[in-house]
Amino acid sequence: MNGSKSILIAAENVDDADLIYDMLRKEFDDVAVSTDPDKAAEDFDARCPAVLVLAFETLAKAQSYYLGLYRLSSQVHAVPHKTLILCRKEELQKVYALCKKGYFSNYILFWPLGYDSTRLPMEVHHALQQLPSAENGGPSASEFAVQARRIAGLEALLEQS
């Protein structure tokens, strides 16, 4: 079920993915989960999500996943989408810096689970509101430039780590 309101949760831990799915399913109709790393690009291409929630245990794993999408997915370059990265307190400053540079759309302090449970659904609402509408005819040149900078930055960060 592709659509402008589709949400894809990418995670390595099935229990985390199920928890996040349950949280989002209460407010959004089109939510899917991708936990098989061998099918990451296939899952993204099948869903063409408006919002991609990266729910990995470490920032490095989230970056690796997202860079893999840019290398293997046929749709990630063409589909305007927002990325929300869930993070731990220990990596908050690094994640903040990456969001500030535009590598990810936004972050949510998610682990440990003593957090505001309405924050994630609210950020998904905000991300959906920020996306250009489908009737505008697709991504602009500036949106392609943002994607290109995002890829270059992710590759450089991955090489450093």
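The values are calculated or read from the model by the stated rules, or taken from the named source; none is laboratory data. Computed from a predicted structure; not experimentally measured. Methodologically, a virtual Cβ is constructed for each residue, glycine included, from the backbone with ideal geometry; neighbour enumeration extends over all protein chains shown. Note: accessible area is taken over every heavy atom of the protein model, side chains too, but ligands, DNA and RNA are not part of it. Shrake-Rupley method; radii C 1.70, N 1.55, O 1.52, S 1.80 Å.
A few comments on the model shown:
- Odd one out for Lys26 among (1) surrounded by fewer than 18 Cβ atoms within 10 Å (Cβ to Cβ); (2) under 26 Å from Gln129 (Cβ atoms); (3) modelled with pLDDT of 95 or more; (4) not small (Gly, Ala, Ser): (3)
Here is a yes/no grid of residues against (1) free of Cβ contacts under 8 Å to residues at least 60 places away in the same chain; (2) surrounded by 18 or more Cβ atoms within 10 Å (Cβ to Cβ); (3) among the charged types (D, E, K, R); (4) over 16 Å from Ala11 (Cα atoms):
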| site | (1), (2), (3), (4) |
| --- | --- |
| Asp43 | yes, yes, yes, no |
| Ala46 | yes, no, no, yes |
| Val53 | no, yes, no, no |
| Phe56 | yes, yes, no, no |
| Ala62 | yes, yes, no, no |
| Ser73 | yes, yes, no, yes |
| Pro80 | no, yes, no, yes |
| Asn106 | yes, no, no, yes |
| Leu120 | no, yes, no, no |
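- Hits in the stretch 1-14 - residues which are at pLDDT 95 or above, more than 18 Å from Ser64 (Cβ to Cβ) and either open to solvent by 20 Å² or more (accessible area, probe 1.4 Å) or charged (D, E, K, R) (or both): Val14
- Test result for Pro37, in contact (Cβ under 8 Å) with a residue 40 or more places away in the chain and either over 12 Å from the mean Cα position of the chain (by Cα) or buried (at least 16 other Cβ atoms within 10 Å of the Cβ) (or both): no
- For Ser117, the test of being over 20 Å from Ile20 (Cβ atoms), in contact with a helix residue (DSSP H, G or I) (Cβ under 9 Å, 6 or more places away or on another chain) and small (Gly, Ala, Ser) is failed.
- Residues (farther than 15 Å from Ile7 by Cβ, assigned to a loop (DSSP other than H, G, I, E, B) and more than 11 Å from the chain's Cα centre (by Cα)) located in the stretch 40-74: Glu57, Thr58, Ser73, Ser74
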